[in-house]
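Let me begin by presenting the structure, written as C-alpha cells, before commenting on it.
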Amino acid sequence: ISCKSDIFNVVASATEETNCLVGICGTGVVVYSISRDTTKRFGGWGYLLDNGGSGFDIGRDVLRAALSERETGITQSRITELCEAKLGGNIYNKYTDIYTKDISFVASFAPIAFEAYKLGDKRAIEIIESNVCRFSEYINTAHKEFKNCNTIVISGSIITKNDIYLKLLK
C-alpha cells in the first residue's frame with residue numbers, strides 16, 4: 001500500500017507529465033515539484049505559518065484593512081462597506097465574532113478583495129497583488145530547484161473562481 005498526498009490527483013487529472021510543478025491555491029496554498037521519483041513541497045504549512053498567497057491570507061488582509069479603516073475613522077476603500085454588508089454590521093463591533101469561526105470563514109472574505117479590485121479599489125489591488133507575488137515566489141523557488149520541468153499545473157478555488165489572480169500570476 002502506498003499512501004501519498006492528494007496533490008497527485010491534481011497532477012493525474014491535468015497532465016500526463018512526469019516532471020511538473022503543481023500549485024494549489026484555495027483556502028491554503030502549496031506548491032510541489034514532482035518527478036518520477038521525487039516530490040518536494042514548498043509552502044503548505046497552514047495559516048499560522050505560511051506567508052501569503054491563499055484565500056485565507058487574502059480574507060485576513062481584507063478584514064485587517066476594514067478594521068484599520070474603522071479604527072482610524074478614515075474609510076479609503078470599498079472593502080469596509082463590503083465587509084460590513086457580509087457581517088451585517090460595523091466590523092469594529094463584530095471583529096470578535098470572527099474568532100468564533102474557523103479559517104474557512106476568514107477565507108470567505110477573499111471574494112471581497114476581488115470585487116473591490118474590479119471596482120479599481122487601491123487597497124484591494126495591493127492585497128491581491130501582494131498575495132499573487134507570494135504564491136509566485138513559491139512557484140519560482142520550486143522551479144529554481146527543479147529545472148527539469150516544462151509544465152505547471154495550477155488548481156484551487158482562488159485560481160478557478162477568479163480570473164484576476166490567474167492573469168496576474170501569469
Counting sequence-distant residues (5 or more places) and residues on other chains, those with an amide H built under 5 Å from that of VAL153 are LEU21, VAL22, GLY23
In this structure, among LYS86/LYS118; LYS40/LYS144; LYS101/LYS122; LYS122/LYS167, pairs with alpha-carbon gaps over 23 Å are LYS101/LYS122
Length gained if SER157 through SER136 is fully extended, taking 0.36 nm per residue and subtracting the Cα-Cα distance, is 5.9 nm
Labelled set (i) 153; (ii) 124; (iii) 170; volume of the Cα convex hull per residue in Å³ computed from this model equals the value at (ii)
Heavy-atom accessible area per residue of the range 74-170, all protein chains kept, 1.4 Å probe, expressed in Å², is 59 Å²
For the range 17-82, listing trypsin sites (Lys or Arg not before Pro) in a DSSP loop whose Cβ sees at most 13 other Cβ atoms within 10 Å gives ARG36
In the chain the accessible area split gives carbon plus sulfur, as whole percent at 1.4 Å, a share of 49 percent
Restricted to the chain, the DSSP antiparallel beta bridge percent, nearest 5, is 75 percent
Along the dipole axis of the range 23-170 (charges at Cβ: +1 for Lys and Arg, -1 for Asp and Glu; origin at the Cα centre), the most positive-end residue among SER136, TYR99, GLY26 is SER136
Any chymotrypsin sites (Phe, Trp or Tyr not before Pro) in the range 98-170 that lie in a DSSP loop and have at most 15 other Cβ atoms within 10 Å would be TYR99
If each K or R counts +1 and each D or E counts -1, the residues other than ASP57 whose Cβ falls under 14 Å of its Cβ total -2
Phi-derived 3J(HN,Hα) across the range 123-135 with the Karplus relation (6.51, -1.76, 1.60, θ = phi - 60°), rounded Hz, x for Gly and Pro, is 5, 5, 4, 4, 4, 5, 4, 5, 6, 5, 4, 5, 4
Quick calc, the range 20-125, dipole around Cα centre from Cβ unit charges on Lys, Arg (+) and Asp, Glu (-), nearest 20 debye, gives 200 debye
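The values are calculated or read from the model by the stated rules, or taken from the named source; none is laboratory data. Bear in mind the structure is a predicted one, so any value in this text is a computation, not a measurement. Because the Cβ atoms are built from the backbone with ideal geometry, glycine has one as well, and the counts that use them run over all protein chains shown. With ligands, DNA and RNA removed, areas are computed over all heavy atoms of the protein, side chains included. Shrake-Rupley method; radii C 1.70, N 1.55, O 1.52, S 1.80 Å.
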